[in-house]
Amino acid sequence: MRQVSKHIGSAVMFLAGLLILLAAVSALLVPKTNAAGGGMRDPSANGILGEPANTIDVLFLGDSESYCAFVPLQLWEEQGITSYCCGTPAQKLCYAQTFLKKCFQKQAPKLVVLETNEIFRNFSAVDSLLQGSKLPILSLFDYHDRWKSLNSRDLNPGVSYTYMDSAKGYRFSATVAKASTKGYMDPDNQIARIPTKNYLSVETMKQFCELHNARLVLVSTPSTVNWNMKRHNAIQELSEALQLEFLDLNLMPEQVPIDWKTDSRDKGDHLNYFGAKKVTNYLGFYLAETGVLKNHKYDIQYKHWDAAAKEFSETIAKASTRKINIR
């Protein structure tokens with residue numbers, strides 16, 4: 001019996017030591033800044049962590065469809081609305097949930113817009129553990145490849161999130177690649193399947209938003225590659241069940257007149273800047289009409305937005321002087 005107890009004690013001590021070691025290594029590997037140079041993944045999306053507290057009124061979440069369609073600085077110029085696009089490539093809802101909670105630690109957005117393409121991206125228990133929980137000790141697995149770039153700054157356990165993305169998460173492209181519209185949004189009564197975990201994730205996000213006095217809105221951005229009536233029907237059913245606002249811009253050609261000969265950067269998968277302008281123009285009026293957003297254009301606290309808008313305008317001007325890349 002004593003021998004068994006001795007073995008159990010040794011095992012417990014070994015596990016405790018292992019956990020302490022993992023925690024120490026994880027604390028070393030976790031990025032200490034939110035800029036690319038500090039090892040932070042998706043610095044464009046994580047730039048929101050450097051924004052002044054309580055200055056972002058609209059938060060955009062989603063996969064690459066979101067950061068190709070929503071132009072925060074256009075919303076600023078046209079409506080005085082402060083927004084940020086926290087979209088990341090192939091984003092899954094477990095990560096969106098984590099990002100939502102992370103943003104609310106410093107910001108108090110009144111509206112959260114979830115681009116719906118990622119609702120159909122399944123995620124595993126491992127995804128949920130690594131991307132969803134974000135326990136500090138799991139940074140070892142999330143950032144295990146950072147050991148090559150460690151420096152003296154990483155010895156300090158504190159973090160300093162001061163980087164601000166000048167485009168507020170939007171990723172500019174003036175590339176034009178004509179899209180085929182064959183079969184796009186053809187009538188169909190079938191309903192695409194939404195994974196149960198994803199359904200529950202959207203419900204959890206809604207509850208979180210309501211708890212923090214924010215409104216969750218579902219938006220489907222135009223895409224001939226990713227969107228169809230089956231998916232529309234599924235999101236319509238989901239929105240009605242959870243009592244969420246739902247805008248399908250694929251079915252609004254008058255309000256959002258996408259020209260698939262000129263408005264896609266990659267043959268209908270994502271919008272280029274010309275298509276994103278049309279989406280953002282309509283969305284700006286929609287957001288303004290909610291009556292819950294302020295126009296901050298003349299508020300001195302938001303002067304840095306004017307500087308960012310000027311830089312963005314220069315980016316557009318440079319692109320217009322170059323030959324547009326047509327594929």
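Assorted remarks:
- Projecting the Cα atoms of LEU293, THR224, TYR273 onto the dipole axis of segment 205-327, where Lys and Arg carry +1 and Asp and Glu carry -1 at the beta carbon, places TYR273 farthest toward the positive end.
- Across every pair of non-identical alpha carbons in segment 284-323, the mean reciprocal distance, once inverted, gives a Kirkwood radius of 12.3 Å.
- For the peptides 167-180, 184-197, the ranking by packing is 167-180, 184-197, with the highest mean count of neighbouring Cβ atoms within 10 Å listed first.
- The amide H of SER220, built 1.01 Å from its N in the peptide plane, has THR116, LEU247, ASP248, LEU249 as neighbours under 5 Å, considering only residues 5 or more places off or on other chains.
- Entries of LYS182/LYS230; LYS168/LYS303; LYS230/LYS261; LYS168/LYS277; LYS110/LYS294 with Cα pairs more than 18 Å apart: LYS230/LYS261
- Relative packing of 225-231, 111-117, which averages over residues the other C-beta atoms within 10 Å, highest first: 111-117, 225-231
- Quotient of Cα Rg and 2.2 N^0.38 Å for segment 162-257, N being how many residues it contains: 1.30
- A simple rule links phi to the HN-Hα coupling: the Karplus curve 6.51 cos²θ - 1.76 cosθ + 1.60 with θ = phi - 60°, which for segment 267-281 gives 6, x, 6, 10, 7, 8, 4, 5, x, 4, 4, 5, 4, 5, 4 Hz, with x for Gly and Pro.
- Under 16 Å from the Cα of LYS297 - aspartates and glutamates, other chains or at least 8 residues apart: ASP57, GLU77, GLU78, ASP306
- For TYR286, TYR67, the sequence from fewest to most other C-beta atoms within 10 Å is TYR286, TYR67.
- Distant-in-sequence amide H partners of SER83 (H built 1.01 Å from N, under 5 Å): ASP57, VAL58
- 22 Å tail of the calculated P(r), segment 199-327, as % of Cα pairs: 54 percent
We did not get these values from a lab; they are worked out from the coordinates using the rules stated. Remember, it's a predicted structure, so these values are computed and weren't measured experimentally. So basically every Cβ, Gly included, is an ideal-geometry build from the backbone, and we count neighbours across all protein chains shown.
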